[in-house]
């Protein structure tokens, strides 16, 4: 009956259609029979070209020691890595044994129930091997959800102040006198200049990218503020945040504006930095490396110093960026993955290679005594930038993780933008006058964030 | 010619089968699934909770959603009011036989459409950059009092978006209208001239009614396209993930993307998507009714 049906259909088709159908069947068969690349070995996905280069260089050595588990490093850029990782976690599509994740990508991983998080919980391993005490404590915070650690921290990322030593020294300013931001702006004020006499400021004492919300975060965290408490509760409208936002509003806008607006990740921003648009900018250790590669002609003109504190005796650093390495629950070789992860992130050899290539300092405290961190860096006028970053590393603030981190930084940055409009409209840069508006705007931001968080039925048990 | 072989009643279905399979797999099922998703909260397909109308109720009180609606509506209005008349003006200009180099001008005005939104976004961000951008550098060179830090993109978010969109799409709309203009019966225009009609009267009473069906389609396409605003702000305001200063560039689709793919709230993103769909369908139906009425009247 069925044969008769198909025979009848084939008879009713024209030769052309029969040919196309046949071609389809043949090509589908060929594709199905093509050999598929083997997926054996230990696979790691990374999103950064420098990291991929470092890990690939390690592959021959690893493969010699583990001939049954060859190392396969795949470089997958940001959004693609996030999509593939989440698809794997959500739907069980293949994922690597180890995945390197940046801070901006981790929130979504933590949005669901604890048992559905696609990374293995490393808390017990870290405790059993005594690594919790050996690694810079604050470096764990972005990778911790509901008390469980899901990744090895790659870095510390202390933020330093990068300044134009040539201009500052030519003006006879002694940066040794600077302890607080108030000191900084008081001493640097003479450098706030209209250089060509057209009535517009051409040089600011400090610059950040005003639309990039991660710069507000640098100041908030340094001053003891932030977005979430360790339990994950939002703290956007804390008294500290209100105070800092009011001060930032006055520095960013109004008649006494002190901070310029340059996106230092773009060619145009770098050009302006080179032309002296700003005296200084905050930058983490990774940015120190990036700047020296992006703006080589400025070698010897920059120096770094600890960030000025918000108050005397206060914290002289902050934190910016961050990466972790997690072992996926789907990995068939969790022990080998753990061994590899520790080697990549904590071994003195890899720590040295990482620092030399990127200026990033290791989160492993036992590596901090290594002498390569003391090498003078000709780009930064011969300063030992590694040592200077490490001196600030213990003070790097913690950053409790939350699936709502992206929303939180957007809401606070939006509040800051509105506060700048208030400062311009009311022609004031006085933080005391801006504080009531800062409080009002942050109260609204907090309400909006709480409303978003309250919708999440999966985190309901973990919230207040 | 009548077939000499009898056909099975299944034969038509066999021919329809590829379309039906693809349509069901890639259009019908995803649509249905996204509708179901709008009533759920998920963490991947394996962890799903039915939340009823919670997503829609939240939307009513979500300030960011309403900011996105306001921005998108402003953009759509600005685009409609500027882009369609500008395209018509260009088409009328380039339809004049006396104009020399018409083909070159047509290509020039149409070329931004070919290069695409990302290119236009990048070009605009470079052109309008503070201090180092071509526009500010030029203006400051010409007018000493011009602020070299003038924030075109950050200070004038909606005008920047509308201008970039105009540059991108005006040539595309112009091409449609040019085709329509070339189909206006010349004998009617000649007759109007003989009857003493001036240029405006010829345009209003002869040309405009003839191109009105194309204009109606363009208005609808521009409206739908404007409500789908996503890539331009994403490129121009990459620093803030497409939100722009003070969320002034946040569009409905950008918010949908951020909700679904940055926050992972696919249920809420689906709800936003369905509301957007319903708004667009309602706008299209209203537009269709109005244009039918106008065409019947003319």
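Read-outs throughout are calculated quantities, based only on the coordinates presented, and are distinct from any laboratory measurement. A quick note: this is a predicted structure, and the numbers were derived from the prediction, not measured. Here the Cβ is made from the backbone with ideal geometry for all residues, glycine too, and neighbour counts use every protein chain on show.
Brief remarks follow.
- Given in Å, the Rg to one decimal and the Dmax to the nearest whole number for the Cα atoms of the range B:48-297 are 21.6, 73.
- In the range A:297-446, the inverse of the mean reciprocal separation of distinct Cα atoms equals 19.4 Å; this is its Kirkwood hydrodynamic radius.
- Principal axis extents of the C-alpha atoms in the range B:38-165 (largest first, rounded to whole Å): 65, 43, 27.
- Ratio Rg/Rh, restricted to the range A:368-414 and using Cα atoms, in which Rh is the Kirkwood radius: 1.25
- Its residue count N fixes a reference of 2.2 N^0.38 Å for the protein assembly as shown, and the Cα radius of gyration divided by that reference is 1.12.
- For the range A:21-35, the residues whose amide N sits under 20 Å from a probe point set 7 Å from the Cα of residue A:10 along the beta carbon direction are A:21-30.
- Across the alpha-carbon atoms of the range A:100-139, the computed radius of gyration and Dmax are 12.2, 30 angstrom.
- Residues B:51, B:170 arranged by fewest to most Cβ contacts within 10 Å: B:51, B:170
- Pairs of alpha carbons in the range B:17-76 whose separation is greater than 16 Å (percent): 64 percent
- Put a dot 7 Å past the Cα of residue B:221, heading toward its Cβ, do the same for residue A:128, and the two dots end up 6.5 nm apart.
- Sorted largest first, the principal axis extents computed over the alpha-carbon atoms of the range A:1-134 equal 78, 40, 27 Å.
- Rg to Rh, two decimals, where the range B:248-298 supplies the alpha carbon set and Rh follows Kirkwood: 1.27
- Here the range A:264-372 is treated as a sphere whose radius is the Kirkwood value from Cα pairs; by Stokes-Einstein at 4 °C and 1.567 mPa s it diffuses with a coefficient of 77 µm²/s.
- C-alpha long axis of helix A:239-252 to longest principal axis of chain A, angle in °: 70 degrees
- Fewest-first ordering of A:338, A:251 by other beta carbons within 10 Å of each residue's beta carbon gives A:338, A:251.
- Fewest-first ordering of B:150, B:156 by other beta carbons within 10 Å of each residue's beta carbon gives B:156, B:150.
- Kirkwood estimate for the range A:101-168, i.e. one over the average of 1/r between Cα atoms, Å: 14.0 Å
- Rounded to 10°, Cα long-axis angle of helix A:15-33 versus longest principal axis of chain A: 70 degrees
- The label-point distance for residue A:343 and residue B:119, in a model that sets each label 7 Å from Cα toward Cβ, rounds to 4.7 nm.
- The range A:137-250 - Debye-derived log10 I(q)/I(0), Cα point model, q = 0.10, 0.20, 0.21, 0.23 Å⁻¹: -0.45, -1.22, -1.29, -1.40
- For the protein assembly as shown, the share of DSSP beta bridges that are antiparallel, to the nearest 5, is 70%.
- The helix-only estimate of mean residue ellipticity at 222 nm for chain B, built from DSSP H runs of length n ≥ 4 each weighted as -39500 (n - 2.57), is -21500 deg cm²/dmol after division by the residue total.
- Normalised by 2.2 N^0.38 Å, where N counts its residues, the alpha-carbon radius of gyration of the range A:170-320 equals 1.07.
- Calculated from the alpha-carbon coordinates, the range B:178-220 shows an Rg and a Dmax of 10.9, 36 Å respectively.
- Between helix A:348-358 and chain A: long-axis angle, C-alpha atoms, 0 to 90°, nearest 10: 70 degrees
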